[in-house]
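The values are calculated or read from the model by the stated rules, or taken from the named source; none is laboratory data. Note that the structure is a prediction, hence the values are computed from the model and not measured. Using ideal geometry, Cβ is built from the backbone for each residue, glycine included, and neighbour counts are taken over all protein chains shown. The accessibility values were calculated without ligands, DNA or RNA, using every heavy atom of the protein model including side chains. Shrake-Rupley method; radii C 1.70, N 1.55, O 1.52, S 1.80 Å.
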Amino acid sequence: MTVTHDQVQAQLTGPGQLFEMDEVPGHGGTVKTWKHAPRDFRALLETSRFHGDKIFLTYEDEHITYEEHFRRAATLARRLADEYGVAKGDRVAIAMRNYPEWVIAFSAALAIGAIAVPLNAWWTPQELEYGLSDSGAKVLITDGERAARLTGLSPALIVTRGEVPEGARAFEDVMGEVAADVTLPPVELSPEDPATIFYTSGTTGRPKGALGSHRNIGQSPMTVAYSMYRSVVKAGRDPGETAGQRRVTLLTVPLFHVTGCFAVMTTTMFSGSGLVLMYKWDPGRALELIEREKITGLTGVPTNVWQLLSHPDLDKHDISSLNALSYGGAPAPPKLLERITEQLPTRAPSNGYGMTETTALAINNAGDDYLAKPDSIGLPMAVVEVKIADPLGDELPVGAVGELCLRGPNIILGYWNRPEATAETFVGGWLHTGDLARVDSEGFVFIVDRAKDMVIRGGENVYCAEVEAALFEHPAVDDAAVIGIPHDELGEEVGAVVRLSSPATAEELRAFLRERIAPFKVPVRFWVRDTELPRNPGGKILKTHLRREVLGS
Ligand code: AMP
């Protein structure tokens, strides 16, 4: 007998059940929460210590157990407090590759009530400096590669894996001896306390800091767990059937985005499973690691999975351990699901929707639902409420297309020092996502379009306004419009239509931009237009019109 989603939800969230819900004040009213989730990150970290000798982090030939991770994080927490004067509410920035020290730094900062500020490691020095000054970071924990590029910075610098510039200290020196009986320094934390600032952009160009709370962090691993339980129970299976089996996840996306940090890293920490880190994303290396580390799950962006499936070595590796493929953060074309079903038929794919502002996962499509509705992002998590709104914020009827708005314990507090942007995006307790969507009669959400002017390249958001602003700094550029070029593997690539006042080649423009913005934002293609760019009466460039003109679509 097939069970309905309502029955599954009732079973999982019933009184005394793991996913029992509660209600707490928040977002101008009350929000539902997972009653049994950790109340803050510190609780999550302390609980993770019970996983003791199990391996938490693997990086190349380095293995860090849960106990070791706790000790190192607690040691660094003490050093940050004692030697750097880091107190509750101070900002500690992290900018590095997905090294184990990233996780240790994150855990240490949060455990003492400091706000962790993960910065995009692909940013140029200018962009990194902006993130540091906007957040007012007291300390930056970084790797040798970035330290070499950052000169004359104000925060104290702690450097791992590479040369330590003058005035900075090596991570290992700061750590000193890691005592077996180290404890966390005392601090009073409440779930509403701010915990993280992740940079995300808006229409104005400059990235803004999304301020996440300890509640957001504590709730998020339960949300990910709920999505898994929901699909298992819906398929008529027992969620306890795999209990006791070791789960190992391959981290294919950066820790400085919420997918890597929350959907993967803190969720792993919560469940006591293993996390394998990569020097950088490389599908060939990923196949080797899946075989070597007996990876059971992979959570990333659709591009990761697409590239794995296209890799010439796919059949040369024993990847039989891999049983779950989850992706999100960018539209997943139905063709991707077709390819997974064809090439890796026994793997359970799932498509998750989330944003920086939703602390990763909010809506998820998996199992038979996903096969039946491959173009849907699925059903919201039990604690998440969905509204499709008209431009005034009023709810539209089933089937109508409007802006996707969300409420729940996963929604961030607002933007760091940006009351106006906060007021614009969070209206009446609802997060306005900037995505256009509809909901069908069964409650499944379909993303129809993006209302925000953004290109998503391989899961990495590129804000058109930011690239346009950088282009306008070039003396030959009279007008510029940045658009997305459809791309099978990456989803989209960045293109620009420009009007020039004097000659400039595409290569000159690219070299100019590379000095100012991260390489992934630099357009791969330019179209030069002799006439004015098409605009509406309000002066806004008609991008759909432009796209049709240059791309024919
Ligand atoms: P970010 O804040 O960088 O995580 O980007 C969030 C945006 O990515 C959303 O507002 C959507 O436009 C897009 N996005 C995330 N997940 C999905 C998904 N599963 N399908 C379609 N678009 C998605």
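Taking the range 38-62 as the region of interest, how many residues are touching a strand residue (DSSP E or B) at 6+ places or on another chain (Cβ under 8 Å), in contact (Cβ under 8 Å) with a residue 40 or more places away in the chain, open to solvent by less than 30 Å² (accessible area, probe 1.4 Å) and part of a loop (DSSP other than H, G, I, E, B)?
Looking only at that region, the number is 1.
Would you be able to say whether some residue in the range 426-435 is open to solvent by less than 10 Å² (accessible area, probe 1.4 Å), farther than 30 Å from Ile517 by Cβ and out of contact with any Leu (no Cβ under 9 Å at 6 or more places or on another chain)?
no
Only one residue in Leu500, Leu509 is open to solvent by 40 Å² or more (accessible area, probe 1.4 Å), more than 23 Å from Lys452 (Cβ to Cβ) and among the aliphatic types (A, V, I, L, M), so which one is that?
Working: Leu509 fails: open to solvent by 40 Å² or more (accessible area, probe 1.4 Å).
So the residue among Leu500, Leu509 that is open to solvent by 40 Å² or more (accessible area, probe 1.4 Å), more than 23 Å from Lys452 (Cβ to Cβ) and among the aliphatic types (A, V, I, L, M) is Leu500.
Considering each of Arg49, Arg42 in turn, give the residue that is among the charged types (D, E, K, R) and in contact with an Asp or Glu (Cβ under 9 Å, 6 or more places away or on another chain).
The conditions single out Arg49.
Filtering the range 487-546 down to residues that are touching a Gly at 6+ places or on another chain (Cβ under 9 Å) and among the hydrophobic types (A, V, I, L, M, F, W, C), which residue is farthest from Leu471 (Cα to Cα)?
Top of the filtered list is Leu490.
Would a scan of the range 10-20 turn up a residue that is out of contact with any Leu (no Cβ under 7 Å at 6 or more places or on another chain), on the phi < 0 side of the Ramachandran plot, open to solvent by less than 40 Å² (accessible area, probe 1.4 Å) and assigned to a strand (DSSP E or B)?
Taking every residue of the range 10-20 in turn, none turns out to be out of contact with any Leu (no Cβ under 7 Å at 6 or more places or on another chain), on the phi < 0 side of the Ramachandran plot, open to solvent by less than 40 Å² (accessible area, probe 1.4 Å) and assigned to a strand (DSSP E or B).
Which pairs have Cβ atoms under 6 Å, sit 6 or more apart or on different chains, and link a residue in the range 395-418 that is assigned by TED's automatic domain parsing to the domain that holds Asp435 to one that is of a type in the set (Asp, Glu) and outside any strand (DSSP E or B)?
Leu396/Asp390; Gly402/Asp390; Ile412/Glu357
Give the residue, chosen from Ala210, Ala225, that is assigned to a strand (DSSP E or B) and among the hydrophobic types (A, V, I, L, M, F, W, C).
Checking each option against the conditions leaves just Ala210.
Of all residues being modelled with pLDDT of 95 or more and over 28 Å from Val522 (Cα atoms) in the range 120-155, which is least open to solvent (accessible area, probe 1.4 Å)? Just the residue, please.
Ranking the candidates gives Val139 first.
In the range 30-55, what residues are farther than 22 Å from Asn216 by Cα and touching a His at 6+ places or on another chain (Cβ under 6 Å)?
Once the filter is applied, which keeps residues that are farther than 22 Å from Asn216 by Cα and touching a His at 6+ places or on another chain (Cβ under 6 Å), the range 30-55 yields only Ile55.
Among residues belonging to the range 67-91 that are surrounded by 22 or more Cβ atoms within 10 Å (Cβ to Cβ) and over 18 Å from Arg161 (Cβ atoms), point out the one that is nearest to the chain's Cα centre (by Cα).
Looking at residues that are surrounded by 22 or more Cβ atoms within 10 Å (Cβ to Cβ) and over 18 Å from Arg161 (Cβ atoms), I get Arg91.
What single numbered condition from (1) of a type outside the set (A, V, I, L, M, F, W, C); (2) within 16 Å of the ligand (Cβ to nearest atom); (3) closer than 20 Å to Arg457 by Cα fails to hold for Asp282?
Failing condition for Asp282: (2).
With the checklist (1) more than 18 Å from the chain's Cα centre (by Cα); (2) buried (at least 21 other Cβ atoms within 10 Å of the Cβ); (3) of a type outside the set (Val, Ile, Thr); (4) within 14 Å of the ligand (Cβ to nearest atom) in hand, flag the one item Asn364 doesn't pass.
Of the numbered conditions (1) more than 18 Å from the chain's Cα centre (by Cα); (2) buried (at least 21 other Cβ atoms within 10 Å of the Cβ); (3) of a type outside the set (Val, Ile, Thr); (4) within 14 Å of the ligand (Cβ to nearest atom), the odd one out for Asn364 is (1).
From Leu298, Leu308, Leu325, Leu344, which residue is more than 14 Å from the ligand (Cβ to nearest atom), under 16 Å from Arg247 (Cβ atoms) and either open to solvent by less than 30 Å² (accessible area, probe 1.4 Å) or under 20 Å from the mean Cα position of the chain (by Cα) (or both)?
Leu298
Among the listed residues Val439, Val462, Val467, which satisfies the condition of being buried (at least 22 other Cβ atoms within 10 Å of the Cβ) and modelled with pLDDT of 95 or more?
Matching residue, one of Val439, Val462, Val467: Val439.
Of the conditions (1) under 17 Å from Thr266 (Cα atoms); (2) in a loop (DSSP other than H, G, I, E, B); (3) hydrophobic (A, V, I, L, M, F, W, C), Val86 fails just one. Which one is it?
Here Val86 meets the rest and fails (1).
Could you give me the residue pairs with C-beta distances under 8 Å whose first residue belongs to the range 525-553 and is assigned by TED's automatic domain parsing to the domain that holds His487 and surrounded by 14 or more Cβ atoms within 10 Å (Cβ to Cβ), whose second residue is polar (S, T, N, Q) and assigned to a loop (DSSP other than H, G, I, E, B) wherever it lies, and which are 6+ apart or on separate chains?
Going by the 8 Å Cβ cut-off, the qualifying pairs are Leu542/Asn536; Arg547/Ser553.
If only one of Arg230, Arg246, Arg215 is basic (Lys, Arg) and open to solvent by less than 30 Å² (accessible area, probe 1.4 Å), which one is it?
Within the list Arg230, Arg246, Arg215, the selection yields Arg230.
Please indicate, with yes or no, whether at least one residue in the range 456-472 is within 12 Å of the ligand (Cβ to nearest atom) and without any contact (Cβ under 8 Å) to a residue 40 or more places away in the chain.
no
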